[in-house]
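Here's the structure we're looking at; comments come further down.
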Amino acid sequence: MPLIQPPSRTGRTPAAARLARGAAVGAGLALMPLTVACGGADESAGERKASKSPAISAVRAGVVAPAKVEVIAGLTGCKPRIRIEADELRQGVCHTKDVDYLITTFPEERFKEAWLESASAYRADFLVGSRWIISAKIDALKKFREQTGGDIVSHSGMGPASGSR
């Protein structure tokens, strides 16, 4: 008969407690580059509050958006509607007046690589970062790259090309 670990004093199992601690540390570390990148050295606190965009782009600052749908969506100017919540990925849909797009995040890089491999069958462009992907039209991806970093990847797909992309 397997041994069952009793809950700790907080009511969590030791594995759940480690997971919660890891998530808290990861979230704190993930947000640290954003707070550094968004602060302007020569702006007063009042000027920074009034500014709606970061003082420096993520690309020039060398930061990469953390792998969380809501954070990436905020950087691109939308509030996402989560449509997939699974162990391998999390996906949100964004609708703006200019473009509709998907933000997909992954708990591990290998899941992102598998997703990209399966997406190679389709004609599409993606903005790819560490454990995240944005699926949109190329013009939007170029704009989003300034806010999130990452690399633009284009798949030519299989089969005949359509008249326009």
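The values are calculated or read from the model by the stated rules, or taken from the named source; none is laboratory data. All values derive from a computational prediction rather than experimental measurement. No Cβ is skipped: glycine too gets one built from the backbone with ideal geometry, and neighbour counts run over all protein chains shown.
Points worth noting:
- Exactly one residue among P80, P107 is farther than 19 Å from G149 by Cβ and modelled with pLDDT of 85 or more, and that residue is P107.
- In the stretch 97-147, the residue that is surrounded by the fewest Cβ atoms within 10 Å (Cβ to Cβ) out of those that are farther than 16 Å from P80 by Cβ and of a type in the set (S, T, Y) is S118.
- Residues in the stretch 72-87 that are among the aliphatic types (A, V, I, L, M) and either surrounded by 12 or more Cβ atoms within 10 Å (Cβ to Cβ) or touching a Ser or Thr at 6+ places or on another chain (Cβ under 8 Å) (or both): I72, A73, L75, I82, I84.
- Test for V128: is it of a type outside the set (D, E) and free of Cβ contacts under 8 Å to residues at least 24 places away in the same chain: no
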